[in-house]
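The values are calculated or read from the model by the stated rules, or taken from the named source; none is laboratory data. Source: prediction; values computed, not measured. A quick note on method: Cβ atoms are made from the backbone with ideal geometry, for glycine too, and the neighbour counts reach across all protein chains shown. These area figures cover heavy atoms from the full protein model, side chains too; ligands, DNA and RNA do not enter into them. Shrake-Rupley method; radii C 1.70, N 1.55, O 1.52, S 1.80 Å.
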Amino acid sequence: MSAPTHLVFTPLQSSPPQHVEVPSNVDLDDVLADVTQSGVSAPVGDVAALTAVVADARERGIDLSVVVLDENPGRDTDLRDLATTVGETEGGTVLVLSPNWMGSYSDSISRVQLETAQDSAFGDSAASTADRFSHEIVEPGPPWALYTVLLVAIVAIIAAVTFVAKWRREPETEQTGRVESSVQRTGGPGGSA
């Protein structure tokens, strides 16, 4: 008699998650100090307008911080990594902008809402982008999936009603004639011809 065999399952992914990286040209200590003080870390020309956006967002119940970089990092995902690092230290919702990209993090807003807001937030300045972002995460766009389902349901109901109405309008003699001719082709109700 042989010994029982034991199955050993190994996980498909055994490596730990990738380390979050802050862009190499960013002084994280300076960014955190600025965000702690005013909620904004940005070039001097953008600070006043962004501070107003952050104050407006906070009045609407969004704990928003904004970081603006002068240049794009090596990868667009570095912006989300920086936002995550700042957000895990400071809390709240963090938006990081570079000339062509943006990244975000929030301890209270879902990733789906954040990315949807990012998709429709680009503006002509850092302040207008941050303002659009802060409004979009609170007031998302129309629920297009729900509208699609309702439209399909309405079309199906109309098709069913049309079919029933057409069936009822057909004279009874035509319906009976069709049934009788079908029965005659098959040789009657009891067998085939």
Q: Tell me the label-point distance for the pair LEU150, ILE109, using the 7 Å Cα-to-Cβ offset, in nm and rounded to one decimal.
A: 2.5
Q | Counting all C-alpha pairs of segment 50-129, share separated by more than 22 Å (%) | A | 14
(Q) Please give me, ordered by residue number, the chymotrypsin sites (Phe, Trp or Tyr not before Pro) of segment 63-168 that lie in loop per DSSP and have at most 14 other Cβ atoms within 10 Å. (A) PHE122
Q) Non-local amide H neighbours of SER65 (under 5 Å, H modeled in plane, Pro and chain starts lacking H): which ones? A) THR93, VAL94, LEU95
**Q.** Beta bridge orientation in segment 46-174: antiparallel %, DSSP, nearest 5
**A.** 50
Q: Over segment 102-166, with every protein chain in place, what whole percent of the accessible area is carbon and sulfur at 1.4 Å, could you tell me?
A: 70
